[in-house]
Amino acid sequence: MPKVELRKRLLLLEDIFHEGGPARDEPHRRGAALAVIRNPFAGRYEPDIQGFMDDMRPLGLDLATRLAEALGGADRIEGYGKASLVGAAGELEHGALWHAPGGYAMREVLNGARAIVPSTKKVGGMGARIDVPITHVNASYVRSHFDAIEVGLNDAPRPDEMVVILAMTTGPRVHSRCGGLEAWQIKGEDGLR
């Protein structure tokens, strides 16, 4: 399998103090780490592509580590998600290759988080944007942590590129009040509750 060719990385951080209600003393933090890489399968159908997931594992660990550190450390992370944007010469399945390297990297950096890492992917041109879904790291049913962060780059993905993305948050939405399972009620048995 070809090795990962990195063109650039981007780290986004967002501090949210309020959404129209009372301001918080300490902001809710969201962030995303993006990497623009060459798509080795662009422009052709390749039946055997799974090996590229192994090649992307070090990139997944690098992005997850950088993002967790930028948000204050792995012990502060309560939400996560992942996504990929595939350039026009690629196919949706190329973006699906990010599922394992991105998800397992975040679980490793976050000390074995239990919930499935929500994800999305799409094919798009330069400047395409994507909403990265976010849920609680240990229990997918915690409604207060249902969130998303929109990301994109003005010059990516080029037709022969992919943008791979990890997202993390430090807690619930800033004015969460929609009920359901609360973070303090997590049992931690199955990644759901």
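The values are calculated or read from the model by the stated rules, or taken from the named source; none is laboratory data. None of the values given here were measured: they were computed from a predicted structure. Cβ: placed from backbone, ideal geometry, glycine included. Neighbour counts: every protein chain shown. Ligands, DNA and RNA are stripped out before the accessible areas are found, and what is left, the full protein with its side chains, is counted by its heavy atoms. Shrake-Rupley method; radii C 1.70, N 1.55, O 1.52, S 1.80 Å.
Overview of values
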| item | result |
| --- | --- |
| Solvent exposure of the chain as accessible area per residue, Å², 1.4 Å probe | 48 Å² |
| Net charge, ARG44 excluded, C-beta distance under 12 Å - Lys, Arg +1, Asp, Glu -1 | -3 |
| Cα-projected label distance for ARG24 with ASP131, points at 7 Å along beta-carbon direction, nm | 2.0 nm |
| Helix 99-109 axis, angle to the chain major axis (alpha carbon atoms, nearest 10°) | 50 degrees |
| Percentage relative contact order, region 41-193, counting C-alpha pairs under 8 Å, at least six apart | 29 percent |
| Chain lengthening between ARG177 and GLU14 when straightened (0.36 nm per residue, less Cα-Cα) | 56.6 nm |
| The chain - mean residue ellipticity at 222 nm from DSSP helices (-39,500 (n - 2.57) per run, n ≥ 4, rounded to 500) | -6000 deg cm²/dmol |
| Those lysines that a straight Cα-Cα span of less than 29 Å connects to LYS121, excepting residues fewer than 8 apart in one chain | LYS3, LYS8, LYS82 |
| Set of aspartates and glutamates near LYS122 by C-alpha distance (under 17 Å), chain-local residues within fewer than 8 positions excluded | GLU91, GLU93, ASP131, GLU150, ASP155, ASP160, GLU161 |
| Sites LEU6 and ALA100, calculated FRET efficiency, Cβ-Cβ separation with R0 25 Å, nearest 0.05 | 0.85 |
| Dipole in debye (nearest 20) - region 25-67, about Cα centre, beta carbon charges: Lys, Arg +1; Asp, Glu -1 | 140 debye |
| The chain: angle of helix 51-70 to the longest principal axis, Cα-based, in degrees nearest 10 | 40 degrees |
| Accessible area of the chain belonging to carbon and sulfur atoms, whole % at 1.4 Å probe | 48 percent |
